[in-house]
Amino acid sequence: MQFTLKVWRQADREATGDFVTYPVDDISADTSFLELLDILNERLLARGDEPIAFDHDCREGICGTCGCMVNGFAHSHERETTLCQLHMRSFTDGETIIIEPWRSRAFPVLKDLIVDRSAFDRIIQSGGFIAICAGSAPDANATPIPKEAADRAMDAAACIGCGACVAACPNAAAMLFTSAKIAQLASLPQGHPERIERVKKMVSTMELSGFGSCTNHGECEAACPKGISVNFIAKLNRELIRAALWG
Amino acid sequence: MTWPVLGFFNTSTGKKVGMGVTGFVVVGFVIAHMAGNLQVFMGPEKLNQYAAFLVSLGGLLWVLRGIILLAAVLHVIFATQVTLQSWRARPSSYAVYRYQASSYAARTMRLGGPMLALFIIYHLLHLTFGVVQPAGEAFDPHHVYNNVVYGFQVWWLSALYIVAMGLLALHIWHGVSSMLQSVGLNHPKWNPWRFGLSALVAGAVALGNISMPLAVLAGLIQPA
Ligand code: FES
């Protein structure tokens with residue numbers, strides 16, 4: 001297959017970037033999207049050009065490191081697919097593909113397609129954990145947890161923190177990410193003692209990081225490679241209202 | 001490291017709970033206002049009596065008006081704040097961006113909101129204060145029925161009201177379901193009802209309100 005790639009190139013945080021067009025040919029349909037970038041980078045290196053910088057790690061759709069906008073979709077137009085799990089067979093031969101980084105004030109571009117997502121780390125650091133001393137591993141079932149609650153916590157814990165929700169959100173809001181982390185802990189008894197402090201701190205850190213304000217469009221849920229539901233955002237809202245009323 | 005804690009109304013959730021609650025008050029008013037106005041179909045007596053009854057409430061009427069006005073003003077303030085926050089959050093926009101999930105109603109909230117605010121001002125000048133009278137007939141504060149009918153006989157004025165009610169329905173359609181989500185009233189089991197309720201309220205407001213100018217234009221309602 002062959003493609004015309006229009007890739008955002010930006011030297012560093014301060015530089016003003018621009019799109020550069022790269023024709024690539026001789027690509028197998030089973031090439032993954034990141035492999036396509038690898039192939040292009042090898043060709044760029046061979047002719048002495050600067051390779052395209054992009055984030056990646058597991059390439060198995062589980063670590064949340066990869067991600068950029070592809071033809072206006074965060075990660076991909078395929079449902080629940082990370083960029084590393086996207087394959088060129090999902091595109092048509094000869095297609096022009098526009099590739100740009102996540103765009104959000106809270107995620108500044110570091111280089112080309114790499115953005116700084118440490119705002120997510122700060123949200124977690126501000127409360128996305130349980131501070132009680134847990135001691136050694138407890139016996140299984142020592143704490144009874146209803147199956148529904150455990151399932152809900154697992155659904156929330158599926159979030160890999162890739163940032164596609166922010167990227168796809170018309171407001172660049174981080175509500176889906178933050179709500180998944182809060183819902184995961186609030187669904188389990190171990191998370192209850194700190195739930196009020198946690199939601200206040202995590203939401204405050206989120207707000208002060210420069211994310212936007214959710215308008216319930218649902219774009220985050222559609223873009224999420226793990227299918228995290230916007231129902232968790234309502235859960236976050238309930239937690240915050242509870243904290244405001246009784247906190 | 002100590003982490004900052006913002007007051008509830010300094011968070012975007014707090015502002016949207018504020019938008020939701022004030023929106024709820026305004027939607028409640030919109031429904032009551034429509035129910036009252038639909039008495040235009042029952043003839044001049046009935047509608048004018050109803051208007052006289054409202055005026056006879058005196059102080060209570062002003063309290064109610066105050067609550068609605070306060071709700072509307074706060075709604076606009078909260079909406080402006082969260083909109084500015086979101087605009088700041090994405091300083092450079094995408095070269096290509098594709099919607100996957102948002103409804104047309106959701107995407108037009110920020111356009112429809114200010115347009116509705118302008119319409120409301122015009123509507124107050126037309127039928128509450130009576131200072132703009134496109135029909136050229138004198139405004140009679142004791143003859144609400146004729147004020148309405150003369151107004152709607154002007155085709156472009158009716159068209160303006162009909163378009164505005166379409167915008168209002170769109171705003172309510174997304175607004176009601178969004179408000180329930182913002183205050184956390186969301187459960188997978190009830191979500192079909194949540195979307196059904198917002199569509200029902202939006203549809204009822206559009207149909208009920210648009211029926212009045214249409215009836216006047218069709219000649220079913222004549223000046224008394
Ligand atoms: S590289 Fe790990 S999820 Fe894509």
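The values are calculated or read from the model by the stated rules, or taken from the named source; none is laboratory data. Just so we're clear, the structure is a prediction, and the values are computed from it rather than from any experiment. Cβ placement follows ideal geometry from the backbone for every residue including glycine, while neighbour counts extend to all protein chains displayed.
Tabulated data for the structure shown
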quantity: Selection status of A:GLY48, part of a loop (DSSP other than H, G, I, E, B) and within 10 Å of the ligand (Cβ to nearest atom); calculated: no
quantity: Condition broken by B:LYS16, with the remaining ones in (1) without any contact (Cβ under 8 Å) to a residue 40 or more places away in the chain; (2) part of a helix (DSSP H, G or I); (3) not acidic (Asp, Glu) satisfied; calculated: (1)
quantity: Number of the exception - A:GLU35 against (1) part of a loop (DSSP other than H, G, I, E, B); (2) within 16 Å of the ligand (Cβ to nearest atom); calculated: (1)
quantity: Given (1) part of a loop (DSSP other than H, G, I, E, B); (2) of a type in the set (Val, Ile, Thr); (3) buried (at least 16 other Cβ atoms within 10 Å of the Cβ), number of the condition A:ILE98 does not satisfy; calculated: (1)
quantity: The range B:10-30 - residue that is more than 7 Å from chain A (Cβ to nearest Cβ) and of a type in the set (A, V, I, L, M) and, of those, surrounded by the most Cβ atoms within 10 Å (Cβ to Cβ); calculated: B:MET19
quantity: Candidates A:GLY210, A:GLY247 - the one that is within 8 Å of chain B (Cβ to nearest Cβ), more than 19 Å from A:CYS159 (Cβ to Cβ) and in contact with a helix residue (DSSP H, G or I) (Cβ under 8 Å, 6 or more places away or on another chain); calculated: A:GLY210
quantity: Matching residues in the range B:57-70 - criterion: being of a type outside the set (A, V, I, L, M) and within 17 Å of B:ASN37 (Cα to Cα); calculated: B:ARG65
quantity: Condition check for A:ARG43: more than 15 Å from the chain's Cα centre (by Cα), part of a helix (DSSP H, G or I), more than 16 Å from the ligand (Cβ to nearest atom) and touching a residue at least 60 places away in the same chain (Cβ under 8 Å); calculated: no
quantity: Options A:LEU45, A:LEU34, A:LEU86: the member that is at pLDDT 95 or above, surrounded by 14 or more Cβ atoms within 10 Å (Cβ to Cβ) and out of contact with any Cys (no Cβ under 9 Å at 6 or more places or on another chain); calculated: A:LEU86
quantity: Boolean, A:CYS162 is more than 18 Å from A:PHE73 (Cα to Cα), outside the structural domain of A:ARG59 (by TED's automatic domain parsing), of a type in the set (A, V, I, L, M, F, W, C) and part of a loop (DSSP other than H, G, I, E, B); calculated: no
quantity: Tabulated pairs, the range A:59-88, first at negative phi, second among the acidic types (Asp, Glu) and within 13 Å of the ligand (Cβ to nearest atom), C-beta under 6 angstrom, 6+ apart or interchain; calculated: A:CYS63/A:ASP57; A:THR65/A:ASP55; A:THR65/A:ASP57; A:CYS66/A:ASP55
quantity: Verdict on A:SER104 being over 23 Å from A:ALA29 (Cα atoms), more than 16 Å from the ligand (Cβ to nearest atom), within 14 Å of another protein chain (Cβ to nearest Cβ) and within 18 Å of the chain's Cα centre (by Cα); calculated: yes
quantity: Subset of the range A:71-86 that is away from every other protein chain (no Cβ under 14 Å) and out of contact with any helix residue (DSSP H, G or I) (no Cβ under 7 Å at 6 or more places or on another chain) - its residue that is nearest to the ligand (Cβ to nearest atom); calculated: A:THR82
quantity: Residue match in the range B:132-144 (condition: within 14 Å of another protein chain (Cβ to nearest Cβ), touching a Leu at 6+ places or on another chain (Cβ under 6 Å) and buried (at least 17 other Cβ atoms within 10 Å of the Cβ)); calculated: no
quantity: Conditions (1) in a loop (DSSP other than H, G, I, E, B); (2) within 16 Å of the ligand (Cβ to nearest atom); (3) within 23 Å of B:PRO91 (Cα to Cα): number failed by A:ALA11; calculated: (2)
quantity: Failed item in (1) in a loop (DSSP other than H, G, I, E, B); (2) modelled with pLDDT of 95 or more; (3) among the hydrophobic types (A, V, I, L, M, F, W, C), with A:ILE145 passing the rest; calculated: (2)
quantity: All positions within the range A:60-70 that are within 8 Å of the ligand (Cβ to nearest atom) and either of a type outside the set (D, E, K, R) or closer than 20 Å to A:VAL7 by Cα (or both); calculated: A:GLY61, A:ILE62, A:CYS63, A:GLY64, A:THR65, A:CYS66, A:GLY67
quantity: Positions within the range B:75-116 being of a type outside the set (S, T, N, Q), in contact with a Ser or Thr (Cβ under 8 Å, 6 or more places away or on another chain), part of a helix (DSSP H, G or I) and facing another protein chain (nearest Cβ under 8 Å), in sequence order; calculated: B:VAL82, B:ALA89, B:ALA106, B:MET109
quantity: Any chance A:GLN2 is within 14 Å of chain B (Cβ to nearest Cβ), in contact with an Asp or Glu (Cβ under 9 Å, 6 or more places away or on another chain) and more than 16 Å from the ligand (Cβ to nearest atom); calculated: no
quantity: Every residue from the range A:107-126 that is facing another protein chain (nearest Cβ under 10 Å) and either within 16 Å of the ligand (Cβ to nearest atom) or more than 22 Å from A:PRO170 (Cα to Cα) (or both); calculated: A:ARG122, A:GLN125, A:SER126
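Here is a yes/no grid of residues against (1) in contact with a Leu (Cβ under 8 Å, 6 or more places away or on another chain); (2) buried (at least 19 other Cβ atoms within 10 Å of the Cβ); (3) within 14 Å of chain B (Cβ to nearest Cβ):
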site	(1), (2), (3)
A:ASP139	no, no, no
A:ALA156	no, yes, yes
A:CYS165	yes, yes, yes
A:PRO193	no, no, no
A:SER204	yes, yes, yes
A:LYS226	no, yes, no
